[in-house]
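So the structure is just underneath, and the comments pick up after that.
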Amino acid sequence: MQLRYSFRLYPSAGQRAALARAFGCARVVFNDALRVREEARAAGLAFVTSAELSKNLTAAKKTPERAWLGEVSAVILQQSLRDLDAAYRNFFDGLKGKRPKTGAPRFKSKRDNRQSLRFTANAAWRITVGGKLRLPKIGDVPVRWSRVLPSAPSTVTVVKDSANRYFASFVVETGACEVLPLTTPEVGIDLGLTHFAVLSDGRKIDSPRFLRRAEKKLKREQQRLSRKTKGSSNRTEARIKVARAHARAADARREFHHQLSTQLIRENQAVAVEDLAVKGLARTRLAKSVHDAGWSAFVSMLEYKAARYGRTFHRIGRFEPTSQVCSVCGVKDGPKPLNVRMWTCGACGAVLDRDINAAVNVAKAAGLAATACRAQVRRAPVPAQRSEAGTHPKQPTRPVREQAGIPGL
């Protein structure tokens with residue numbers, strides 16, 4: 001399978017200017033090609049092919065108005081045309097029902113929060129012996145290597161986010177050597193807001209609430225931004241501070257998701273989760289807490305890590321009555337308000353914790369060998385066990401020369 005590894009870049013002032021020029025050229029090529037296709041559609045003409053767009057790009061470089069397109073690598077300009085083709089393909093596939101619906105391609109703006117460009121293998125980019133990323137017509141950009149790439153990357157995408165941070169995103173191929181040895185435990189997971197995840201074995205993992213914890217600082221920075229004059233350099237600096245505060249909360253949430261998902265995949269042979277209606281929940285009064293939890297990103301990590309490490313992943317339907325069925329006798333006791341956290345089964349008399357009971361039912365609905373050996377299915381309420389994945393110390397950075405298979409080393 002293909003995986004994407006991102007590393008922080010620290011370009012110099014000259015390299016930042018060169019990257020800004022490359023971002024602008026790629027954006028102009030994308031917008032010019034989109035304009036040609038939209039004008040052809042409005043005139044009732046045939047769909048403009050990629051070959052014709054490529055010829056138009058070559059001709060535009062020879063004109064005085066677009067001569068500056070030759071100052072950047074030709075590969076990133078061609079990749080802009082490929083990105084436009086991908087956007088149209090996704091749009092048409094959505095109309096045909098082959099994939100979720102997406103909007104039609106739109107023009108890009110220089111004020112977009114995210115700017116990116118992609119270099120393929122024929123762009124002659126490489127990683128130098130000193131561990132820098134050599135990009136054509138940009139130079140050797142320092143990289144903060146946090147881990148070793150498992151194989152030689154095929155492409156690299158340079159990204160600038162809203163907080164003015166630069167990243168290099170590599171696409172690599174991984175083989176079957178990463179499959180973990182077989183293990184016995186199987187677990188069902190019930191996702192929530194009070195506890196981020198409740199496992200069918202009785203463990204409860206508290207929700208870190210990264211956005212809620214950062215709200216005080218975000219509010220202060222946002223107030224400062226609102227006082228700045230529009231178009232001023234002070235407003236630009238204030239906007240970057242707001243973006244950095246949001247980025248820190250997002251990075252902490254992503255790291256928490258990675259650590260917890262890796263732990264669950266390593267400890268269990270099979271994992272089952274419920275398919276939550278996140279879009280519907282995001283339209284309620286709990287919208288901020290739902291977005292802060294990031295359930296969709298966490299479930300996606302579980303899914304791809306299960307495929308990567310040879311585990312089994314199950315996603316049960318969202319209409320499964322996991323909170324209404326007794327996990328001991330299987331009798332459906334009906335819906336209950338959210339403030340009911342413990343309830344007694346009217347058929348067997350078992351006292352059930354609402355979340356743990358739902359997690360056990362999630363595992364059973366997926367066909368896993370779920371048991372309530374450590375769950376709170378007892379005659380009297382018992383305090384829940386609480387555990388949370390801790391933050392691991394930073395691993396020492398390995399020399400880049402240890403990365404086997406990297407071209408140029």
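Coordinate-derived values only; no laboratory data. The structure displayed is predicted, hence computed values, not measured ones. In this analysis, Cβ positions are derived from the backbone assuming ideal geometry, glycine residues included, and neighbour counts consider all displayed protein chains.
Observations on the model:
- Anisotropy class assigned to the chain is prolate, per the alpha carbon gyration tensor with a/c at or over the 1.5 cut-off and a/b larger than b/c.
- In this simple spin-label model, placing a label point 7 Å from the Cα along the Cα-to-Cβ direction at both Ala17 and Asp161 gives a separation of 2.7 nm.
- With a simple spin-label model that places each label point 7 Å from the Cα along the Cα-to-Cβ direction, the separation between Glu173 and Lys230 comes to 5.2 nm.
- A protection proxy built from the mean count of other Cβ atoms within 10 Å ranks the segments 76-86, 345-355, most packed first, as 76-86, 345-355.
- Difference of contour (0.36 nm per residue) and Cα-Cα distance, Glu39 to Ser154: 37.9 nm
- Tensor-based shape of the stretch 1-129 (alpha-carbon gyration tensor, a/c under 1.5 rounded, otherwise prolate or oblate): oblate
- Against the chain, whose longest principal axis comes from its Cα atoms, helix 210-227 is set at around 40 degrees.
- DSSP-defined antiparallel bridges as percent of all bridges, the stretch 145-261, nearest 5: 100
- Förster radius 22 Å - calculated FRET efficiency between Glu237 and Ser300 (Cβ-Cβ, nearest 0.05): 0.05
- Dipole-positive endmost among Ser50, Phe256, Ala60 within the chain (Cβ charges, Cα centre): Ala60
- With respect to the chain, whose longest principal axis is taken over its alpha-carbon atoms, helix 13-42 is tilted by about 90°.
- DSSP beta bridge pairing in the chain, given as percent antiparallel to the nearest 5: 80
- Helical contribution to [θ] at 222 nm, DSSP H n ≥ 4, -39,500 (n - 2.57), averaged over the chain, rounded to 500: -12500 deg cm²/dmol
- Note on the chain: dipole from Cβ charges, positive end direction compared against Ser12, Ala358, Ser289; the farthest Cα belongs to Ser12.
- Whole-angstrom gap from the stretch 276-308 to the stretch 70-129, using each part's C-alpha centre: 26
- Sites Asp93 and Leu338 - FRET efficiency at Förster radius 30 Å, r taken between beta-carbons, to 0.05: 0.20
- Sorted peptide list for 90-97, 310-317, 263-270, criterion being average Cβ within 10 angstrom, highest first: 263-270, 310-317, 90-97
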